[in-house]
Structure formats: C-alpha cells, structure tokens
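Following: one structure in structure tokens, then a few remarks.
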Amino acid sequence: MPDNWVFATGRRKTSVARVMIRKGNGSILINEVSPDDYFPSKNQVAVIHQPLQVSANTGKWDLKVTVKGGGYNGQAGAIRHAIARALVEVDPDSKNAISKSGYLTRDARMVERKKSGQPKARKRFQFSKR
C-alpha cells in the first residue's frame with residue numbers, strides 16, 4: 001500500500017474493522033465490495049456514513065475497509081468506530097463534532113456468557129422445594 005494511507009481500527013461486539021483512509025472522491029469499499037452490496041439493510045449503510053456526515057467530510061476521503069467477525073449490525077458499528085478514529089487522525093478539527101456524537105467511544109456491550117448449571121446466561125431451571 002502507498003504511504004499516504006492512514007490506518008485505524010474499530011470494534012463492536014465480536015466484530016473488528018480496519019479502515020484505510022486517504023484524500024479522494026468519497027469511494028468506500030468494504031471487503032472489496034461497495035457498502036450497498038455488502039450490507040443487506042440500508043440502515044447499516046447509513047450507520048457507516050454517520051461520522052462522515054457529522055464532521056462534514058462526505059465525499060472528501062477514500063475508504064478501504066476490512067471487517068471480520070460478528071453479524072452485520074456489529075460490523076456496521078465496528079466500521080463506524082474505525083471511520084471516526086481515522087477521521088480524527090487525518091482531520092483533528094472534526095474531533096469535537098465526532099466525539100459529541102459518541103462515535104469515538106467503544107461500545108463495550110457484549111453477549112454475556114452461559115453459566116454451567118443453567119440453561120442460558122441468566123435463565124434458571126425451575127425451582128421446586130420438594
């Protein structure tokens with residue numbers, strides 16, 4: 001890769017996204033595919049554009065994204081986190097707007113593990129005194 005790319009990583013649930021960003025015309029590729037072809041829902045495409053819209057950087061940067069793990073919603077959240085981090089690195093003036101929207105904060109919510117002796121993470125087997 002050329003030296004003018006800037007890298008950033010984002011995470012959400014079990015998804016990890018790595019973004020490469022550079023000056024350009026606004027093209028976005030997710031695993032070598034356009035976002036509209038990669039995500040089944042338009043909501044997920046809208047989620048990944050949020051940091052660009054908040055910081056008024058739509059159409060100014062080319063993005064290449066590699067994402068793996070989790071489902072589509074987790075991947076969209078990881079991509080949003082990575083794009084926000086990359087934008088702050090290349091355009092420090094946009095940090096205030098992006099952080100006010102909460103896109104720089106890693107969402108720590110994860111699926112709780114199943115415990116032994118229980119059917120699910122919190123569900124218990126029926127209690128009987130006798």
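Rule-based calculations on the coordinates, nothing more; no lab input. These numbers come from a predicted model, not from an experiment. For neighbour counting, all protein chains shown are included, and Cβ atoms are generated from backbone atoms with ideal geometry for every residue, glycine included.
In the structure shown, the pairs LYS60/LYS95; LYS64/LYS100; LYS13/LYS115 are assessed against 23 Å; a Cα-Cα span above that value is assigned to LYS64/LYS100. Can you tell me the orientation of helix 72-90 relative to the chain, as the angle in degrees between its alpha-carbon axis and the longest Cα principal axis, to the nearest 10? Here the helix axis deviates by roughly 40 degrees.
Once both labels are positioned 7 Å from their Cα atoms along Cα-to-Cβ, the gap between SER101 and VAL33 label points is 2.5 nm.
Applying a DSSP loop filter and a limit of 12 other Cβ atoms within 10 Å to the chymotrypsin sites (Phe, Trp or Tyr not before Pro) in the range 23-129 leaves PHE125, PHE127. Once the C-beta distance of ASN43 and ARG22 is scaled by a Förster radius of 22 Å, the resulting FRET efficiency is 0.20 to the nearest 0.05. Label separation (ASP93 vs GLU112): 4.7 nm, computed from points 7 Å beyond Cα along the C-beta direction.
Just one of [x] 71, 31, 27; [y] 35, 31, 30; [z] 36, 36, 24 is Cα extents along the principal axes in Å as worked out from the coordinates here. Which one is it? Among [x] 71, 31, 27; [y] 35, 31, 30; [z] 36, 36, 24, the one derived from this structure is [x].
Principal-axis analysis of the Cα atoms of the chain puts helix 42-54 at an angle of about 50° to the longest axis. What does the helix-only formula give at 222 nm for the chain: each DSSP H stretch with n ≥ 4 adding -39500 (n - 2.57), the total divided by the residues, and the result rounded to the nearest 500 deg cm²/dmol? Helix-only estimate at 222 nm: -10000 deg cm²/dmol. Straight Cα distances below 19 angstrom link LYS42 to the aspartates and glutamates GLU32, with same-chain residues fewer than 8 positions distant left out.
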